[in-house]
Amino acid sequence: MKCIKLINILGATLGTGIQAQMQNSKYPAKQPIINVVDVKKQNGVMCLPDYFPLQDYDPMRPASIPTYSLPKFDEDKYTGPNSELDSDILDLLNSLSLEEKAGQMIQLQAGVFIGCDGLINTTAIEYMFDEWKVGSILEATQNRRSRWNINSPQRFANFTNTIQDIALKKGSKIPIIYGLDSIRGANYIKGATIFPAPVNIAATFNLNHAYNCGRISAKDSRSAGVHWAFSPLADVNMNKIWSRNFENFGEDPYLAGEMVYHSIKGLQGDYKNDRSKVAACVKHFIGYSSPLNGQDRQNAQISWNFLLEYLVPPFKRAINSGVATVMENYGQLNFQSTISSKKILIELLRDELGFNGTLVSDWGEVNSQFYRYKTAFDIEDAVRMTLNNGSLDMSMTPDDVMFAKSTINLVKSGKVDMKRIDESVGRILQLKKDLGLFTSPYSDPKLIDTVGSNQDVELSRDAARESLILLKNENNVLPLSTSEKVLFVGAAFDSISYITGAWSQHWQGPNEFEGDKVYDIYGESINSGVRNITGEDTNYITGFDINGFKSRGYQKVVKSAKMADKVIFILGEKPSTEEVGNIKTLRMAEDQYNLIKSVSDLTDTPIILILAQNRPFSLGELSSEASAIMNIGLPGPYSGIPIAEALYGKFSPSGRQPYTYPKLDYQSSVTYYTPQWNEYDPEFSFGQGIGYNNITYSEILVNSTELRPGHPISVSVTAKNCGIMIQNEPVLMFTTQLVRRFHVSELYRLRAFDKKLISPGESYTFNFILTAEEMSFINMDMNRVLSKGPVNITINAFSKDAKIAQVYLHEN
Ligand code: BGC
């Protein structure tokens, strides 16, 4: 439909003289029909098919200078959205017409500006800005039928700058803000440094990695003219079947909150002055991570006190960090639509948490009230409820202008107050000013050279190194020695894509036809990492594909395993996210399971399992049959070398489980903060993980055994490295209130963590602070209360070397 409209516009601008010339031309008046496989004709224009597996590779690469420096900022300083608008923004707001204001509130996806031939359609852009005064654009064109498969920063910048240029000349002439899902680096820009998935960053228990990932992501985004990152996710992983666990920072509210805080600091920093920074967008507010049946976007029923105690804290931390924007959540919470919920978007988000910034909807969420959820009679009704009941500022529409159209009608007919519109448009304009868009609307070409710098790549590798979780290592089967004959099995061994996952290159990761080609020179597989270390070709059989189905060499594996000293299986999962990634069970594919079982039954060769999965598949008997297990999560395109280094003992692993790894489906909603008398018997516990060194711990020292409000106590413990390698040692401090009257307390709660490098023979004393206030909890009356009782402080719960000290918690 859009194409018809545009051709008409074009026709109208052609003078009659030209038309006469065209009629008299010796060339055929009509476009000849030349059939080409997989190309369709639409309104006389040759178009790419709706779905095509192969797009052209952008031949351009950024220069990737080896080192560079960016402005420094004291991150302890607060900077974030203010409750008041600047006077120039207020003036601008007052000068806008209703149509211009309504336009600011819509965000369209880039595909709207891609012609059916896969190229940028400037006529469409001009039309949209002239007619609808669009405020914002999102998305990478490669997800939206462009003929370029992942854009270099140069090409991406040209795209965003072209739109910006038109925005500044047409309609309201207000610069656009361009948003992108950059959840682990600027993952849609060719050459930009992609980091391990957030769940891996959480496993490092090192906040520097969250910060670095944010910082580099911001700079790479800005090089492409992108000002807004839809990141980080502050959802807490409640259901392990859910397809988006890897995008979050695990199951603990405190850990997630700290990671979220530092990601935002990295992304935003001094964003009101520094043009290498972007606005962060914490998402999805709220309750997304607890779909009752584990399927994406399905019903969440969460008691309000549970929500306040476990799900709200990471968002609160994000707002305290000064996050500029928030994205609301899909669907309903307790049957009420989030987007039009006064309780969620006004009382909780704005009043209680004090968020003053811009609130954007998730994809098509306003329209979904009518099309999908049936909670509105029509689109206008959905817009009316969204505006009058909630506090949404911008609608990620993302394909149409119905939101703007309805807003105009609703204000004109007196159903929505202009004040409500001003509130939102004021926030959007202020955000644009804060990001410097009125003075530097275009991308900064100088930043392009820094994209893919070795300096960034090494930080990604460091994050990957620290995120590898060694869960089991019987008889010191790891590390490997280069003289051993090792057999590697599994498609994920030889793929960058499979150890990176979704939200990389494409929404669902590269497709099967593209494979690793789309990564170009930006990454390495485990296979090449191992070759790099051993200096030899690897002994590798695919055995099973990424779905765990029989593949090349399946029948040969047992025989080859017999001849090997050790066999390493890499268990992967096809990259996916959101509804595309829904699965019904955590049961592993049978072919894969049976193959490993046969090697275990029919050979004496020690088995090592490497888990490279979006989520924790059940290991069954393989758990006890394997000599070693390493959970590598989705460590990203620069993890081939780090994984090989870990396997061959170039460093000692230091990752810890940021979530509970269930044994079976029935445990998929079990977290470690279950009531203390409940069963907690997972495959691997929260916080579990070991290194290659023997680390011994002193008893815990506390400066007082009486814990009272206003009187924090200090807790210390000394770790000694009795091994022969340097150990990066994370220390986790938990509490358990042994008796809590009326409201059962949890098995454990994480209260603090730290991580330090300890050389062989050396010791390090970790110091923590514990407050009585932290021990408070939300009761059924929604009050935060303290209840007296004995409390155990446990260092490294669930580890065989756990240390415990007891204190008494007083109410005053
Ligand atoms: C996802 C968001 C994302 C948005 C824009 C949605 O489907 O839930 O996380 O930011 O799309 O791509």
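In segment 364-387, of all residues being of a type outside the set (Val, Ile, Thr) and in contact (Cβ under 8 Å) with a residue 40 or more places away in the chain, the one that is nearest to Leu345 (Cα to Cα) corresponds to Met385. Applying the condition of being under 16 Å from the mean Cα position of the chain (by Cα) and within 14 Å of the ligand (Cβ to nearest atom) to segment 288-322 and asking which residue is farthest from Pro198 (Cα to Cα) yields Asp296. With respect to Leu487, determine if the residue is buried (at least 21 other Cβ atoms within 10 Å of the Cβ), assigned to a loop (DSSP other than H, G, I, E, B), touching a strand residue (DSSP E or B) at 6+ places or on another chain (Cβ under 7 Å) and assigned by the TED database to the domain that holds Leu647. Answer is no for this residue. In segment 186-214, of all residues being assigned to a loop (DSSP other than H, G, I, E, B) and polar (S, T, N, Q), the one that is farthest from the ligand (Cβ to nearest atom) corresponds to Asn206.
Conditions tested, residue by residue: (1) β-branched (Val, Ile, Thr); (2) buried (at least 21 other Cβ atoms within 10 Å of the Cβ).
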site: Phe686; (1), (2): no, yes
site: Asn694; (1), (2): no, no
site: Arg708; (1), (2): no, no
site: Cys722; (1), (2): no, no
site: Gln727; (1), (2): no, yes
site: Thr735; (1), (2): yes, yes
site: Arg751; (1), (2): no, no
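A single member of Ile174, Ile183 is assigned to a loop (DSSP other than H, G, I, E, B) and within 16 Å of the ligand (Cβ to nearest atom), and it is Ile183. Restricting the first member to segment 606-621 and to residues that are among the charged types (D, E, K, R), and the second to residues that are assigned to a loop (DSSP other than H, G, I, E, B), the beta-carbon pairs closer than 6 Å and six or more apart or on different chains are Arg615/Lys240. Only a single item in (1) under 21 Å from Leu447 (Cβ atoms); (2) among the charged types (D, E, K, R); (3) surrounded by 24 or more Cβ atoms within 10 Å (Cβ to Cβ) is not met by Lys133, and it is number (1).
The helices (runs of 4 or more DSSP H) found wholly in segment 396-471 and carrying at least 1 residues that are of a type in the set (Lys, Arg) and surrounded by 19 or more Cβ atoms within 10 Å (Cβ to Cβ) occupy 418-434, 454-467. Cβ-Cβ distances below 6 Å connect the following pairs, each with a first residue in segment 646-667 that is in contact (Cβ under 8 Å) with a residue 24 or more places away in the chain, a second residue that is in a loop (DSSP other than H, G, I, E, B) and among the basic types (Lys, Arg), and a separation of six or more residues or different chains: Pro662/Lys240. Screening Lys316 against (1) more than 18 Å from His209 (Cα to Cα); (2) basic (Lys, Arg); (3) in contact with a Phe, Trp or Tyr (Cβ under 7 Å, 6 or more places away or on another chain) leaves a single unmet condition, (3).
Residue check: is Ser276 more than 21 Å from Ala300 (Cβ to Cβ) and surrounded by fewer than 24 Cβ atoms within 10 Å (Cβ to Cβ)? Spelling it out, Ser276 is indeed more than 21 Å from Ala300 (Cβ to Cβ) and surrounded by fewer than 24 Cβ atoms within 10 Å (Cβ to Cβ). The condition (being among the hydroxyl-bearing types (Ser, Thr, Tyr), within 14 Å of the ligand (Cβ to nearest atom) and in a loop (DSSP other than H, G, I, E, B)) is satisfied by just one residue among Ser276, Ser243: Ser243. Among residues of segment 215-235 that are over 18 Å from Ile150 (Cα atoms) and part of a loop (DSSP other than H, G, I, E, B), none has a Cβ under 6 angstrom from a residue that is away from the ligand (no atom under 16 Å from the Cβ) and basic (Lys, Arg) at a sequence gap of 6+ or on a separate chain. Taken together, the criteria place Ser263 among residues that are within 16 Å of the ligand (Cβ to nearest atom) and part of a helix (DSSP H, G or I).
Residue pairs whose Cβ atoms lie under 8 Å apart, sitting 6 or more positions apart in sequence or on different chains, and linking a residue in segment 535-548 that is assigned by the TED database to the domain that holds Val489 to a partner that is modelled with pLDDT under 95 and not in a strand (DSSP E or B), do not occur here. Selection of segment 283-313 for residues being in contact (Cβ under 8 Å) with a residue 40 or more places away in the chain and of a type in the set (Gly, Ala, Ser) yields Gly287, Ser289, Ser290, Gly294.
Of all residues in segment 753-786, those satisfying the criterion of being crowded, with 17+ Cβ neighbours inside 10 Å and either in contact with a Phe, Trp or Tyr (Cβ under 7 Å, 6 or more places away or on another chain) or in a strand (DSSP E or B) (or both) are Phe753, Lys755, Ile758, Tyr764, Phe766, Phe768, Leu770, Phe777, Ile778. In segment 381-395, the qualifying residues are those that are more than 16 Å from the ligand (Cβ to nearest atom) and of a type in the set (Ser, Thr, Tyr), and the one that is surrounded by the fewest Cβ atoms within 10 Å (Cβ to Cβ) is Ser391.
The values are calculated or read from the model by the stated rules, or taken from the named source; none is laboratory data. From a predicted model like this one, the values you see are computed outputs, not experimental measurements. In this analysis, Cβ positions are derived from the backbone assuming ideal geometry, glycine residues included, and neighbour counts consider all displayed protein chains.
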